[in-house]
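The values are calculated or read from the model by the stated rules, or taken from the named source; none is laboratory data. As the structure is a prediction and not an experimental result, all values here were calculated from the model. Quick reminder, even Gly has a Cβ in these numbers, built from the backbone with ideal geometry, and neighbours come from all protein chains shown. Protein only, heavy atoms only, side chains kept; ligands, DNA and RNA dropped before computing areas. Shrake-Rupley method; radii C 1.70, N 1.55, O 1.52, S 1.80 Å.
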Amino acid sequence: FFFFFFKVVGFIGTFGQWHGVEELAQAIVRFYAVHTGMADDVRFLLIGDGVLLENVRKILCEGNCLDKVVMPGLIMQQDAPKYLDACDIFVSPHIPNKDGSKFFGSPTKLFEYMAMEKGIVASALDQIADILEDGVTAKLVEPGNVEALENGIYELISNREMSMRLGKNARREVIEHYTWDKHVEKILDKLRH
């Protein structure tokens, strides 16, 4: 990857309403507007496709940031680790459901992020906030708050020590509690009792 010379902020997922990709695009625009000195040092890698992809492109284009964001579209599952390895931090900017119902999703992406042992900026939302702990395994921000998301990204990009500490803690947590083996153990334990 050409990312060798940049700090890279990564996202992988469906460009759907609940993933907060429009808010992420707005946070990217804000990031470059507020931190002009980082324009040559930081790039964003947004992996995936979905109904909001064109909206994301439009927001980035209008904010003059499209050239600082790489969007490879859908990738093969077996290639995901290579792409994620190119990143320095990850974002999981989920937003609440529009109908007010409780957010529920399979947070596989979150576990992949945690396993990569890198800093994570994530929304403090339902299941996500149950898995990640602010200041321990991730930087949690208010869901849908573009400024908070941008601030979280800046904080981890500019504080490598903090990002590394959160990443190490997150990896330890995922290995101890969230591997496929651990999930199978929990299911079997429930069936036995």
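Observations on the model:
- Among the protein heavy atoms of the chain, carbon and sulfur supply 53% of the accessible surface, probe 1.4 Å, non-protein parts ignored.
- Segment 88-193: trypsin sites (Lys or Arg not before Pro) in DSSP coil with no more than 16 other Cβ atoms inside 10 Å: 98, 102
- For segment 124-173, the Kirkwood hydrodynamic radius comes to 11.1 Å, computed from all pairs of different C-alpha atoms.
- For the chain, the longest principal axis of the alpha carbon atoms and the long axis of helix 21-34 meet at an angle near 50°.
- A simple packing score, the average count of other Cβ atoms within 10 Å per residue, orders the peptides 149-157, 124-132, 19-27 as 19-27, 149-157, 124-132, with the highest score first.
- Area of residue 134 that stays accessible when all protein chains are in place (1.4 Å probe, Å², to 10): 80
- Rolling a 1.4 Å probe over the protein chains gives residue 162 an accessible area of about 40 Å².
- Relative compactness, segment 106-193, computed as alpha-carbon Rg over 2.2 N^0.38 Å: 1.18
- Taking the Kirkwood radius as Rh and the Cα radius of gyration as Rg, segment 62-171 has a ratio of Rg/Rh equal to 0.96.
- For segment 23-124, the list of chymotrypsin sites (Phe, Trp or Tyr not before Pro) that fall in a loop by DSSP and count at most 12 other C-beta atoms within 10 angstrom reads 104.
- Degrees, to the nearest 10: 160-177 long Cα axis against longest axis of the chain: 30
- Solvent-accessible surface of the chain, taken per residue with a 1.4 Å probe and all protein chains present: 53 Å².
- Once all protein chains are placed together, residue 120 keeps about 0 Å² accessible to a 1.4 angstrom probe.
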